[in-house]
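Here the structure comes first, spelled out in structure tokens, and everything after it is commentary.
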Amino acid sequence: MRSFAGRDILSLKEFERDEYFQVFEVCERLKHYARDRHNGDLLKDKTLLTAFYQPSTRTRLATEAGMHRLGGHVLGFSDAKMTRAGDFYQESIKDTVHMLEYYGDVIAMRHFQQGAPREAAKWASVPVINCGDGWGEHPTQVLTDLYTTWKHKGTLDGLRFLCVGDMRMRTMHSILYAAAQFDIQADLVCPPEMSLLDEFKAELAERNVTYREMESVEDCIADADVIYMEPVVQADYTKSRDEGGEDKGLTPAAYQVTRELMRAQAKRDSIILHSLPRMDELPADVDNTRHARYWFEAFNGVVMRMALLALVLGAVE
Ligand code: CP
């Protein structure tokens, strides 16, 4: 098996089946720090640099929390406007990263340009972790989602996922790349203008990923083991910040998962994942049903980032 030490985490295209379980096993070893709310010293000699060119609540703070839990140091920026990349100079990724690599031992980057973390990794002498790049991918979120699924279903094989939301979204890309490594079948439900792009469909075909495109959650929710959600009332992920208009619109019923629908049609043991933030596609009264697992995802998000930091910094194998 390949070592994670010194590796970039850029895409789930590059993950092999055994590597998912290797990461999950490290999560199991380290999760006590988050569960028991105490900090250790595994990464006490290391520094994380967070370079966030787009807003984030969960990804940045879970990564920073994970580093603190392991006794490491954290510095960075959460708004590129405070750097030379966001002012008059529009400093390039290459020049910026040539600076940042001397300030930390690992760089966690979110960017509005698809491929920006890969570009950063070309120039950085330290590992780069992709924390979401435009519409591209969101590997650490989807590793968190799959770890949550594995914990709650006991397996990643033999499961049918209902993916509902914008299929151009970075989480959807990463989860469908990951599906290639498991016996996962996917039902995809989205508005027509948010369908999978042709080039992505070609990649899924090449990877032998099995999926059906369906019109409404009602058509397939009864078959789902895992309901994997994203908004269809959606920001523009190619912008550094999207304030949205006054009227953001409402989610059509075809793309909503409600308490009533779950009661009427869902499998008793199906689980709902949502990377959050949500709009009205997942009403808050679903939260206290037995299906909701998104708050477990929030906890697991810290555990997953601890594991990834420890692995790429060579503190665990
Ligand atoms: N799930 C997720 O990526 O959330 P943030 O945008 O808050 O990081």
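Could you count how many residues in segment 140-181 are assigned to a loop (DSSP other than H, G, I, E, B), open to solvent by 20 Å² or more (accessible area, probe 1.4 Å) and touching a residue at least 12 places away in the same chain (Cβ under 8 Å)? Matching residues across segment 140-181 total 5. A count restricted to segment 59-91 and to residues that are surrounded by fewer than 19 Cβ atoms within 10 Å (Cβ to Cβ), within 16 Å of the ligand (Cβ to nearest atom) and among the charged types (D, E, K, R) stands at 1. Selection of segment 24-38 for residues being closer than 30 Å to residue 115 by Cα and free of Cβ contacts under 8 Å to residues at least 12 places away in the same chain yields only 25. Only a single criterion out of (1) more than 12 Å from the ligand (Cβ to nearest atom); (2) surrounded by fewer than 24 Cβ atoms within 10 Å (Cβ to Cβ); (3) of a type in the set (Gly, Ala, Ser) is not satisfied by residue 56, namely (1). Which members of segment 116-139 meet the condition of being in a loop (DSSP other than H, G, I, E, B) and closer than 22 Å to residue 19 by Cβ? Those that are in a loop (DSSP other than H, G, I, E, B) and closer than 22 Å to residue 19 by Cβ: 124, 126, 127, 136, 137, 138.
Name the one entry in 316, 257, 303 that is in a loop (DSSP other than H, G, I, E, B), in contact (Cβ under 8 Å) with a residue 12 or more places away in the chain and buried (at least 21 other Cβ atoms within 10 Å of the Cβ). Before the answer, list the steps.
Working: 316 fails: buried (at least 21 other Cβ atoms within 10 Å of the Cβ); 303 fails: in a loop (DSSP other than H, G, I, E, B).
Result of the check over 316, 257, 303: 257.
For the condition surrounded by 16 or more Cβ atoms within 10 Å (Cβ to Cβ), at pLDDT 95 or above and within 18 Å of the chain's Cα centre (by Cα), residue 119 does not qualify.
Taking each residue of segment 1-23 that is under 19 Å from residue 200 (Cα atoms) and looking for partners that are among the β-branched types (Val, Ile, Thr) with beta-carbon atoms closer than 9 Å, six or more apart or interchain, yields 10/128; 10/129; 12/142; 12/175; 15/9; 15/23.
The values are calculated or read from the model by the stated rules, or taken from the named source; none is laboratory data. It should be emphasised that the depicted structure is a prediction, and the values quoted were computed from it without experimental measurement. Here the Cβ is made from the backbone with ideal geometry for all residues, glycine too, and neighbour counts use every protein chain on show. SASA here: full protein model, heavy atoms, side chains in, ligands and nucleic acids out. Shrake-Rupley method; radii C 1.70, N 1.55, O 1.52, S 1.80 Å.
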